[in-house]
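Okay, so here's the structure we're looking at.
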Protein chains: 6
Amino acid sequence: MRILVVNPNTTESMTAAIGEACRAVAANDTEVTAINPAWGPPSIETYAEDHVAAAAMLQTIAEHRGDYDAFVIACAGDPGLHAARQITDAPVIGIAEAAMHMACLVAHRFSIVTVIDSVIPMLRDMVALAGMSQRCASIRATSLSVLEIEQDFAHAERVLVEESRRAVDEDGAEAIVLGCAGMGPLDKRLQDELGVPVLDGCGCAVTLAEACHRYGITTSKAGAYAMAPGRLARLGIPAG
Amino acid sequence: MRILVVNPNTTESMTAAIGEACRAVAANDTEVTAINPAWGPPSIETYAEDHVAAAAMLQTIAEHRGDYDAFVIACAGDPGLHAARQITDAPVIGIAEAAMHMACLVAHRFSIVTVIDSVIPMLRDMVALAGMSQRCASIRATSLSVLEIEQDFAHAERVLVEESRRAVDEDGAEAIVLGCAGMGPLDKRLQDELGVPVLDGCGCAVTLAEACHRYGITTSKAGAYAMAPGRLARLGIPAG
Amino acid sequence: MRILVVNPNTTESMTAAIGEACRAVAANDTEVTAINPAWGPPSIETYAEDHVAAAAMLQTIAEHRGDYDAFVIACAGDPGLHAARQITDAPVIGIAEAAMHMACLVAHRFSIVTVIDSVIPMLRDMVALAGMSQRCASIRATSLSVLEIEQDFAHAERVLVEESRRAVDEDGAEAIVLGCAGMGPLDKRLQDELGVPVLDGCGCAVTLAEACHRYGITTSKAGAYAMAPGRLARLGIPAG
Amino acid sequence: MRILVVNPNTTESMTAAIGEACRAVAANDTEVTAINPAWGPPSIETYAEDHVAAAAMLQTIAEHRGDYDAFVIACAGDPGLHAARQITDAPVIGIAEAAMHMACLVAHRFSIVTVIDSVIPMLRDMVALAGMSQRCASIRATSLSVLEIEQDFAHAERVLVEESRRAVDEDGAEAIVLGCAGMGPLDKRLQDELGVPVLDGCGCAVTLAEACHRYGITTSKAGAYAMAPGRLARLGIPAG
Amino acid sequence: MRILVVNPNTTESMTAAIGEACRAVAANDTEVTAINPAWGPPSIETYAEDHVAAAAMLQTIAEHRGDYDAFVIACAGDPGLHAARQITDAPVIGIAEAAMHMACLVAHRFSIVTVIDSVIPMLRDMVALAGMSQRCASIRATSLSVLEIEQDFAHAERVLVEESRRAVDEDGAEAIVLGCAGMGPLDKRLQDELGVPVLDGCGCAVTLAEACHRYGITTSKAGAYAMAPGRLARLGIPAG
Amino acid sequence: MRILVVNPNTTESMTAAIGEACRAVAANDTEVTAINPAWGPPSIETYAEDHVAAAAMLQTIAEHRGDYDAFVIACAGDPGLHAARQITDAPVIGIAEAAMHMACLVAHRFSIVTVIDSVIPMLRDMVALAGMSQRCASIRATSLSVLEIEQDFAHAERVLVEESRRAVDEDGAEAIVLGCAGMGPLDKRLQDELGVPVLDGCGCAVTLAEACHRYGITTSKAGAYAMAPGRLARLGIPAG
């Protein structure tokens, strides 16, 4: 099968790292392509950036809508997830939702450990709308910005271990969901250190896209994700 | 005071009607300007349209951010509301939130009567995130599309009366929130026919913007609505 | 328009201060009258006092029901709010509800900072019934009793700044709702010190009463607030 | 033990019937006295009546606070329940709460079948604050007013059977909570006809008061129900 | 009346102590028999033990289903409660549910103080399904295992006082529900030391079983607790 | 990888059909073994049957705990799910949870269409504890018993299409979760007829087990699913 992984921000080094992380998990017969929009913010840590990136990402998905068996949105706030499902019939998996669903299979409660604290209200909204509030022990911010992570992975690892330990010890977390696509390359190292499941949404989303494909389900067009023919053409997203 | 009312869709006749409805309610010393973005969809009835319109609207607000005492987002899904509050210090009032808060002052429970049923999941999400689920008796769709309303107001009125009566009789609604900015001009006629408060978010938002201004509060920058200096410049919204 | 502000307790100095605070916010053409019942408790810090004051306040509103365009209940537990709406067709605004609705326009989450801790369960019930639990970050008590506040405003200010800072720093509050009508005169000083919106329900309620009046809505009589003609006469409230 | 059952309305024939129903259930060594306040409304079907009756009932309980081992509030909205618990150390049992707790012991979900539909919002608030929303399948109104019930018990029985059947068949109720103290005398006849548990709060409250007494617990004074010495004297309830 | 108290674990000394505690509270004309299954775990501190003990307990209740007027399940997780209600028409009272319902009559919020922390997720599930989450201030574990309690009651008392004080002081608990049947004998000593109601579910369950019996209600067979004739015979529980 | 699929009831023809359905979805290098316990009920439609089957299934999993990479519990109520996770380190996937998580990836809301109505309260509890109430539009029963389904698949198909259509048209379901393992063989036929995703938990669980295995996560032992060494030996499940 063919999966298009869209990093909604415009930082190409991050897109490359995300693609690599996804390919490391994908099955042999799964082909993973990772891209990012031509315009929009270089990282997503505010509502405003989330909304602009969502619009740019919709354009990217619309351009490729007939070419892939599934799409992955590679940002931990799942920007534009419901809208993307209106644009294509193929499954669209957000990495936040993916990691949370997978976490529920191996833990009673999980915590999200994420970047700077400005993203907490956005993530809290996202968790609530996904219906996951009851399974989410806490959302914990760190001192890391999205773009700092890949500049010093060793530092990021130390910070994430420390905050994740607090989630386990103080909040009752039994698994850790990584709250930024950029943290993905650290998942197995963190899991080894912490002794609890650590979930990178990118890896989870790829395996869930494969699961949907193998089991034979595509996005429902019966309600929230219906979009009348012709509406795509009038969305009016600029060329960027 | 000066209020900028932004219709997030690109239908200029609708922008003009919204401006008129707002001015009819505004105090004598309130100056209301109504505009719409240069790009984006002509109406908003899907998640995809909501997201694109939100990005376009953010650009519009960013351009005018120092020029007004308050901003109103004139679309019944409150697209981009939280993001807009990050871009300016002035109060930003969404018409959905405005009508719901005002409805709570005169009714124990309200219903939203809106356009075609594709908007129901979006409105349900919006109501839940606003914390209003408990006060919302129902969300009822009609056969009306956004753009049809102003083409035949008499027809729209008949349809809205009929559906609102069902909300009152079957769902226990005590007030009706109009679920589309285009329905605003009908609010008082509907209220007379139905005998319960009928709330157009545009009128509500203007009076609430005035209330914030008179009482002396502006958008909090302590948490969800903070945005570091410099981030606005890197949002990357295209010129359209 | 004419607004009757009812302080439900019998402390006349407090009634006078509340009236002054309301007039400071009211529009030029709004006439504000502040009164209190002839009987009942001198302050409201228990369920028992809340209930007795509610009955006394209902009598006061019943006596003046045809004479005002709106009523304000000036106690931070909104005693008798729903009952008062049954007695008159004019809008009735409780100051707790008023401050919470206004806070939602400028903040994602607010905290209530109030008097002694015996009021916390009452306020928690009130917040839940208003549907505001999701928007309320915390309710924090202080060492201040209702009647001590006006005896030493400087002391009250110091205590309120300290507790409000904890709400912002530890609970994620982005705005502060003052949990006692007697704290109203301090709202702008606190706002200056704290750097987040600080909301006195009295000021908020006056501007919301004006908003209802200007927009043209009155209390719904379709459900919870209906009361058959003749029932008012048989309420049986004693003369006091 | 000695139980004081307070009918919060002033209809003495109803007080007598309630007393009889309570004594029919009470243990041999339990002495039941039934009284009503000297002032207030003759029946309780609105928020306004609820609040006035609550104040009057508090006065009644305050007068007898040292004389009984437990108190029962015999009105299906539990008016003034929390306040009454502040006034005395003895257990205070509301009949709504009593019937709901007992229903949970024999049914997964119950419905409340009550008088005219104006009481539904009050009962919904009461159920929510008691934490029982999840166990309550529905609240169903009838054509019966409080005072009509005892005028024609045969008619009331027919109406209640019909509405209760709908609750069982359409709402999934497994037990019926009678939503008015005046319906108490019909409980066993209804139970026989319906084939599901039917709960009169008066009977339930008496047995629960006995259970508290036998087990040896009294009202907690650690939080919500604390009241400082001296506050009772300054409540200011008029003599009526 | 005759009550069968089933201790779902196989520790006979604990069964004897539970029987004694129940008889101490029972009315003169109540006959209490305490037994435990012939097989299953010696204590219940994991989901796995809960499920095995539930199956064994069902067999015990099935054997005695015609012989008693009520059944009590004497384990603080209420294992098999709903299933037991399918097997017999007589009321079946779980001690956790019993203590929580009784606590609601004398406190606005209670905390559960229990054994080792592995039981917290199970108790949190149980509280949620009982609809009690809103009334439950916290669930606090201690260092005590089920079987250690009766080996050193003085030590258990010290540990429970300490943890209960934290629940009252830090979590706002107004009453303490003992989270293990083995703690029952300490209830009155703890209540004296703490000054708030302390509830042993065994005592509560016995008085509630008597209340159901006296008031005349048995388990509803209209929904969740129905079981077709013949199904009991095909349950397939082994002889053990 | 090796997956053990446990049908918790004792009907071997059903076990065989479940095994076939699972193998049809499994990857080439996945080996699926399907078994059922030696004792317990032939089908699970009551709480009592659920509990007995759970105990029997725990014994089965305990016997094979070191031999498989993942376990699937093939009954739509997920009996014993949390307990099974305590017994083994390998992922344990319940088919109800599996289908619900997968449904969330392709639909905003799903409905469960199941067997006879006695299972509805159990499924409602299961949905609530899984945190899925918000995503579940309805649970609809049919006239089908578990054992009737495989006796007349054509009849079952007609009944399921009809009830599923009601879920889509009346309840707003966008996907259908099949509420019995025996319905699995019909999933693709139903999906073709209904035009919305139809999810058999067996197929979903196998792909999710593969996803966990490929991504490299196993059951967390940090909280709810911890079990001290030695406790397995003292569970006391009889040989059957």
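Please give the peptides E:79-85, E:23-29, F:177-183 ranked by average Cβ packing (other Cβ atoms within 10 Å per residue), highest first, as a rough proxy for protection.
Working: E:79-85: 27.0, E:23-29: 14.9, F:177-183: 30.3.
Final packing ranking: F:177-183, E:79-85, E:23-29.
Close amide H partners of residue B:70, meaning residues 5 or more places away or on another chain with modelled amide H under 5 Å apart, are B:2, B:4.
What does DSSP give for the protein assembly as shown in terms of the percent of beta bridges that are antiparallel, rounded to the nearest 5? Counting DSSP beta bridges with both partners in the protein assembly as shown, the antiparallel share is about 0 percent.
Taking only the C-alpha atoms of chain C, Rg followed by Dmax gives 16.8, 53 Å. Chain D holds its axis-closest Cβ, relative to the rotation onto A, at the residue and whole-Å distance D:134, 7.
Under 20 Å from a label point set 7 Å out along the Cα-to-Cβ vector of residue A:239, the amide N atoms of the range A:50-93 belong to A:55-65.
One-quarter of the Cα convex hull surface for the range B:28-158, in nm²?
Taking a quarter of the hull surface, the average projection is 9.2 nm².
Per-residue shielding of C:201-213, expressed as the average number of other chain Cβ atoms within 10 Å of the residue Cβ, stands at 4. Take the accessible area of C alone and of B alone, subtract that of the pair with a 1.4 Å probe, and the total buried over both chains is about 3900 Å².
Counting only other chains, and only Cβ atoms inside 10 Å, what mean value do you get across the residues of E:184-195?
Counting Cβ atoms of other protein chains within 10 Å of each residue's Cβ and averaging gives 1.
Placing a label point 7 Å from the Cα of residue E:143 along the Cα-to-Cβ line, the residues of the range E:91-123 whose backbone N sits under 16 Å from it are E:114-118.
Rounded to a whole number, what % of the accessible area of the range C:96-200 do carbon and sulfur atoms account for, probe 1.4 Å? Within the range C:96-200, the accessible surface is 46 percent carbon and sulfur.
Could you provide, to the nearest whole Å², the per residue accessible area of the range C:96-200 with probe 1.4 Å?
On the way: 3310 Å² over 105 residues.
Accessible area per residue: 32 Å².
Peptide A:38-46 is shielded by partner chain Cβ atoms: per residue, an average of 4 of them sit within 10 Å of its Cβ.
One equal scatterer on each Cα of the protein assembly as shown, no solvent, Debye formula: the resulting log10 I(q)/I(0) at q = 0.06, 0.09 Å⁻¹ is -0.54, -1.33. Across identical copies of the chain, residue A:193 has label-point separations of 4.2, 4.2, 5.5, 6.6, 7.1 nm, listed in ascending order, with the point defined 7 angstrom from Cα along Cα→Cβ. In order along the range B:141-150, the Karplus-derived 3J(HN,Hα) couplings, from 6.51 cos²θ - 1.76 cosθ + 1.60 at θ = phi - 60°, round to 8, 10, 7, 7, 8, 3, 7, 6, 4, 6 Hz, and Gly and Pro are given as x. The DSSP beta bridges internal to the range C:96-200 are antiparallel in roughly 0% of cases.
Tell me, what is the percent relative contact order of the range E:96-201, built from C-alpha pairs under 8 Å that lie six or more residues apart?
Reported relative contact order: 35 percent.
Here the range E:96-201 is treated as an ellipsoid with the same Cα gyration tensor; its semi-axes, largest first and in whole Å, are 19, 15, 12. Going down the list B:221/C:188; D:188/E:221; A:188/F:221; D:221/E:188; D:188/D:221, which pairs span over 27 Å between their C-alpha atoms? Correct reply: D:188/D:221.
Per-residue ellipticity at 222 nm for chain E, helices alone: DSSP H runs ≥ 4 residues times -39500 (n - 2.57), over residue total, nearest 500 deg cm²/dmol? Calculated from helices alone, the mean residue ellipticity at 222 nm is -13500 deg cm²/dmol.
Scattering from the range B:157-228 was approximated by placing one identical point on each alpha carbon and applying the Debye formula without solvent; log10 I(q)/I(0) at 0.19 1/Å stands at -0.78.
Can you give me the C-alpha center-to-center distance between the range D:1-57 and the range A:142-167, rounded to a whole angstrom? About 64 Å separates the Cα centre of the range D:1-57 from the one of the range A:142-167. Using θ = phi - 60° in the Karplus curve 6.51 cos²θ - 1.76 cosθ + 1.60, the 3J(HN,Hα) couplings for the range E:44-52 round to 10, 9, 9, 4, 4, 5, 4, 6, 5 Hz; x is entered for Gly and Pro. For the range A:104-128, accessible area lost to neighbouring protein chains reaches 20 Å² or more, against the chain alone with a 1.4 Å probe, at A:104, A:105, A:106, A:108, A:109, A:118, A:121, A:124, A:125, A:128. Relative to the other identical copies, residue B:228 shows label-point distances of 4.5, 4.8, 4.8, 6.6, 6.6 nm, where the label point lies 7 Å from Cα along the Cβ direction and values run shortest first.
Residue D:155 label point (Cα plus 7 Å toward Cβ) to equivalent points in the other copies: 5.0, 5.0, 6.3, 7.1, 8.2 nm, shortest first. Each residue of the range B:27-42 is assigned a 3J(HN,Hα), and the resulting list reads 5, 4, 8, 9, 9, 10, 10, 10, 9, 9, x, 7, 9, x, x, x Hz, derived from the Karplus form 6.51 cos²θ - 1.76 cosθ + 1.60 (θ = phi - 60°), x at Gly and Pro. Summary value for chain D: 23 percent relative contact order, contacts being C-alpha pairs under 8 angstrom separated by 6+ residues.
The values are calculated or read from the model by the stated rules, or taken from the named source; none is laboratory data. Nothing here was measured: the structure is a model prediction, and the numbers come from that model. Virtual Cβ from ideal backbone geometry, glycine too; neighbours counted across all protein chains shown. The protein model used for the area step is the full one, side chains on, heavy atoms only, and it has no ligands, DNA or RNA in it. Shrake-Rupley method; radii C 1.70, N 1.55, O 1.52, S 1.80 Å.
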